[in-house]
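Just so you know, all these numbers are worked out from the coordinates, no wet-lab data involved. Model, not experiment: these values are computed from the prediction. Note: ideal-geometry Cβ built from the backbone for every residue, glycine included; neighbour counts use all protein chains shown.
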Amino acid sequence: MLRQAVSFLVGVALAFLGNLLLLRLSPDSSRWVDLFTVVIVLNAVASGPAGAMIGGSLAGLAEDAVAGLVYGLHGFAGTLIGLLVQQGSRLLTVQHGVMVGGIAALAVLAQEVVIAALVRVLLADAQTPEPMWVGVRAAATGVVAGMVFAASRRSVGRLAGWRRGRRRRMRLDG
Amino acid sequence: MSGRAAWGLLVALLLGHLILAAVQVPDRRAEGSLLEGVSLRAIAPVARAIAGGRSLVRRVEVALADRRSLRAQNRRLEAEVETLRRQALAQQDLERELARLRSAVSYQPPAGQPVVLADVVFINHRSWLRTMIVHAGADAPAGVLAPNSPVVGYEGLVGRVLRSADGYARVQLLTDRAASVGAMIERTRRQGIARGAPDGGLVLDYLPLQSDVRPGDRVVTAGIDGIYPRGLAIGTVVSVRPGDELFHQIELSPAVDFGRLDQVFVLRPLEVPDELLEDDVETGG
């Protein structure tokens, strides 16, 4: 559990730094990719309901810090998405990056809907996000999430293989 | 983690985020943030209820205080009303007196006749001696309340002073059967003697049968008796009948309503030298 928490915090930190880096490279980068949703989805897939909700909440708050909107909107949406993804991953066997990518894309769409609703209720702002950019954002986030998931699975597999080989060599040497 | 705990955590997190967002969102219907606005709108009814309760208590306190105050005020006002009622009665008396005085001012006494106002303090209608007692005050001019001073009312002759003491005077009324006045018919200037009748009325004697006299004729003092000045109203002829001898039997209605007398005027008596008066002249009384 601690490892999961540390991984999540590292993920949030990386998403934060990556977001800042992308913003430095392109001010429009936040329109086409959402690194915090990637963290929320990956954390939710690997956590229980509480971890998913708390992780979604914290990641959302971190996104609020850089989004420039009202603080709490992404936290609210992240909490809901974390729980939905966690509940969905219980029904599905999530083993491939493509699946995680699809979940992340759906999560981005859900997040857009929730935030649009909150903005409409709280700020009385009826502006809806541009569908094209929402699609781009969902797709890009899904791709990133799938790649990160696959990479992490590969890294975990390699690490596990290295550990197994190391234990075997230690036994032979002994 | 149980489902109920998960739901609790979800609600808490969502609520926390909503509150966090509401704190920052400006309220469109009021100053401050949305959270402040929502809080105020939620708290306002409670605050109003509490304020209403305090107001109610305050109103009850005020009502109790007012009740005490109103009792005291009521007692004070009742006393004041009583005082005012008395003052109103006194005022009415004053108004009546003022009316009488106005009438008095309009009264034109004979030239050179000083007048003293006197209150009627006692009047005797039942005795065969028809007299009344008047009070002119201790400061009445000397000589006015002397015997034989004429006494007149607003409407006409009342009588004469019989005697006086300390501002009081006994007055012989015109209707006393022992009273007599030199009189004349105003229309014809025919003179006679008006005197009290035994029944309390007034008759005019010594008018010859051939003289012209009619019911309704006004009778005034003739100024021939050495007591009464000329022209004071005595009464009105009510009936004229032929007498047994040479004179009419004339019944008069007095000009003065003796039942309503409350103030009279006393005139200074005519100062006819005694030596000029013959001993056998009947001057009345």
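Note on B:A178 and B:E80: the extension gain reaches 29.9 nm, defined as 0.36 nm multiplied by sequence separation minus the Cα-Cα distance. With unit charges on the beta carbons (Lys and Arg positive, Asp and Glu negative) and the dipole taken about the Cα centre of chain A, which residue among A:L73, A:A138, A:A104 sits farthest to the positive side? Farthest towards the positive pole: A:A104. What the Cβ-Cβ distance of B:E186 and B:E95 gives, at R0 = 35 Å and to the nearest 0.05, is a FRET efficiency of 0.55. Comparing A:T128, A:T79, A:T141 in a Gaussian network model of chain A where C-alpha atoms under 10 Å apart are linked, the largest mean-square fluctuation is found at A:T128. Taking A:G157, A:G51, A:G146 in turn, the Gaussian network model of chain A (Cα-Cα springs below 10 Å) assigns the largest fluctuation to A:G157.
Compared with the rule-of-thumb size 2.2 N^0.38 Å for a compact globular protein, the protein assembly as shown has a Cα radius of gyration ratio of 2.84. What you get for region A:2-159, charging only the Cβ of Lys and Arg (+1) and of Asp and Glu (-1), is a dipole of about 600 debye around the Cα centre.
Can you give the angle from 0 to 90° between the axis of helix A:131-173 and the longest principal axis of chain A, with both taken from C-alpha atoms, to the nearest 10? Relative to chain A, helix A:131-173 is tipped by roughly 10 degrees.
Taking neighbour Cβ counts within 10 Å as the exposure measure, how do A:S57, B:S69, B:S180 sort from fewest upward?
Going from least to most buried by this count: B:S69, B:S180, A:S57.
On the beta carbon distance between B:L270 and B:S239, with R0 = 35 Å, the FRET formula returns roughly 0.65. From helices alone, the protein assembly as shown scores -18500 deg cm²/dmol at 222 nm; the rule is -39500 (n - 2.57) for each run of n ≥ 4 DSSP H residues, then divide by the residue total. Counting beta carbons within 10 Å around each of A:M53, B:M184, A:M99, A:M147 and listing the fewest first gives the order A:M147, A:M99, B:M184, A:M53. Each of B:L267, A:L172, B:L14 was scored by other Cβ atoms within 10 Å of its Cβ. Arranged with the fewest first, they read A:L172, B:L14, B:L267. Taken about its Cα centre, region B:115-273 carries a charge dipole of about 100 debye when Lys and Arg each add +1 at the Cβ and Asp and Glu each add -1 at the Cβ.
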